[in-house]
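A quick write-up on the structure given underneath.
The values are calculated or read from the model by the stated rules, or taken from the named source; none is laboratory data. Just so we're clear, the structure is a prediction, and the values are computed from it rather than from any experiment. Here the Cβ positions follow ideal geometry from the backbone for every residue, glycine too, while neighbour counts run over all protein chains shown. Remember, those area values only see protein heavy atoms, side chains included, never the ligands or the DNA or RNA. Shrake-Rupley method; radii C 1.70, N 1.55, O 1.52, S 1.80 Å.
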Amino acid sequence: MSIKLAAPALLLAALIGPAGAAEPLPEAIAAPGETVVLSLHAEGAQVYECKAGTDGKLAWAFREPIATLLSEGKTIGRHYAGPNWELADGSAVAGKAIGNAPGATAADIPWLKLEVTSHRGNGALTPVTTVQRINTHGGKLDGACDKAGAFKSAPYSAEYVFLKKG
């Protein structure tokens, strides 16, 4: 892992470390015993598709995320359907949600805890076992949809914290 990636992660670990954490994460997404590998800011959109629900009524259904991963204001990767996170260093992980907690407002997508289910390439994400999505802003889509197959996106931002066991 490069110094550029390590410094923010170490700073974040110092700020949110177990001793004296000001705001502990909700239990549903906490990862006790895991250490921060990397923390990145994401800017993008949550994409929805208009589909008939089980009741036959049209409603917006989540389809996929599309986001840029940033470190110190520089693009270093992307987040997309899977969910997948891929860095410019060639490393990537895919995950599945195993816990969630509500966002700060009704317009914010939930905070998530995701278990890494696969790794690709070699780089900063290689040791990662857990991903947390926290500090979400936006991303929820409300309102009626009237045409099946229509797409709409809702802008969002979040912090993704990449952790490893031990």
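Can you name the condition, by its number, that D146 falls short on among (1) under 18 Å from E34 (Cβ atoms); (2) among the charged types (D, E, K, R); (3) open to solvent by 60 Å² or more (accessible area, probe 1.4 Å)?
(1)
Criterion first (within 29 Å of E23 (Cβ to Cβ) and surrounded by fewer than 19 Cβ atoms within 10 Å (Cβ to Cβ)) does P65 satisfy it?
Taking the combined requirement at face value, the residue does not satisfy it.
Taking the range 92-122 only, how many residues are buried (at least 21 other Cβ atoms within 10 Å of the Cβ) and assigned to a loop (DSSP other than H, G, I, E, B)?
2
Return only the number of the condition from (1) modelled with pLDDT under 95; (2) in a loop (DSSP other than H, G, I, E, B); (3) within 17 Å of N135 (Cα to Cα); (4) not aromatic (F, W, Y) that A9 does not satisfy.
With (1) modelled with pLDDT under 95; (2) in a loop (DSSP other than H, G, I, E, B); (3) within 17 Å of N135 (Cα to Cα); (4) not aromatic (F, W, Y) applied to A9, the lone miss is (2).
Name the single residue, out of those in the range 50-82 being more than 15 Å from the chain's Cα centre (by Cα) and among the polar types (S, T, N, Q), that is modelled with the highest pLDDT.
For the range 50-82, the residue satisfying everything is T75.
How about the range 123-143: which of its residues are touching a His at 6+ places or on another chain (Cβ under 8 Å) and surrounded by 21 or more Cβ atoms within 10 Å (Cβ to Cβ)?
Within the range 123-143, L125, V128 qualify.
Can you give me the number of residues within the range 149-166 that are over 26 Å from V37 (Cα atoms) and part of a loop (DSSP other than H, G, I, E, B)?
Looking only at that region, the number is 2.
When you go through A42, A30 one by one, which is the residue that is part of a loop (DSSP other than H, G, I, E, B), in contact (Cβ under 8 Å) with a residue 24 or more places away in the chain and at negative phi?
Result of the check over A42, A30: A30.
From V36, V47, grab the single residue that is under 23 Å from G90 (Cα atoms) and either in a strand (DSSP E or B) or modelled with pLDDT of 50 or more (or both).
Criteria check complete, one pass: V36.
Within the range 61-85, which residues are small (G, A, S), without any contact (Cβ under 8 Å) to a residue 24 or more places away in the chain and touching a strand residue (DSSP E or B) at 6+ places or on another chain (Cβ under 8 Å)?
Matches in the range 61-85: A61, A81, G82.
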